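What follows is a set of notes on a single structure, which appears directly below.
The values are calculated or read from the model by the stated rules, or taken from the named source; none is laboratory data. Since we're looking at a predicted model, the values are computed, not measured. Counting neighbours? That spans all protein chains shown, and the Cβs are built from the backbone with ideal geometry, glycine included.
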Ligand SMILES: [Zn+2]
């Protein structure tokens, strides 16, 4: 099972479960996915990653902007570390286990080479790559 975060043109988002990513594509093609709030068909899959906390600290200075992004990435990293299981270098194997025996819907994270990542995607396994920043702020 795959849980997708869906976002509608009305601005609402909600979660929905699909047996696989191809099921999602099929339902989407047949216009069977609509918004639970307004019934609109203009619903799309948002990225699996959580919303980054948006600090309302709007400065036009570019370096402040970059620093802010880094801060968000650090928060994002912390979020992943807290909510997902670190499987380290076993990531490709663990991702397959989860995909094929479907016993668990637990999120995992770990390391994979670009080749391994594209292999997983070819097998229909949902993989997101995220920039992994150092926690120390420069
Ligand atoms: Zn809607």
Could you tell me which of the residues 46, 56, 16, 105 is at pLDDT 90 or above and either loosely packed, with under 13 Cβ neighbours inside 10 Å or in contact with a strand residue (DSSP E or B) (Cβ under 6 Å, 6 or more places away or on another chain) (or both)? 16
Considering only residues that are under 14 Å from the mean Cα position of the chain (by Cα) and in contact (Cβ under 8 Å) with a residue 60 or more places away in the chain, which ones fall in region 1-38? 2, 3, 21
The lone condition residue 24 fails out of (1) at positive phi; (2) in contact with a strand residue (DSSP E or B) (Cβ under 7 Å, 6 or more places away or on another chain) is (1)
So, in region 39-48, of the ones that are under 14 Å from residue 14 (Cβ atoms) and either away from the ligand (no atom under 14 Å from the Cβ) or in contact (Cβ under 8 Å) with a residue 12 or more places away in the chain (or both), which residue ends up farthest from the chain's Cα centre (by Cα)? 40
For region 5-27, which residues satisfy the criterion of being within 15 Å of the ligand (Cβ to nearest atom) and under 26 Å from residue 101 (Cβ atoms)? 5, 6, 15, 16
What tally of residues in region 28-38 results from selecting those that are out of contact with any helix residue (DSSP H, G or I) (no Cβ under 6 Å at 6 or more places or on another chain), more than 9 Å from the ligand (Cβ to nearest atom) and assigned to a loop (DSSP other than H, G, I, E, B)? 3
Could you count how many residues in region 99-130 are touching a residue at least 24 places away in the same chain (Cβ under 8 Å) and over 16 Å from the mean Cα position of the chain (by Cα)? 4
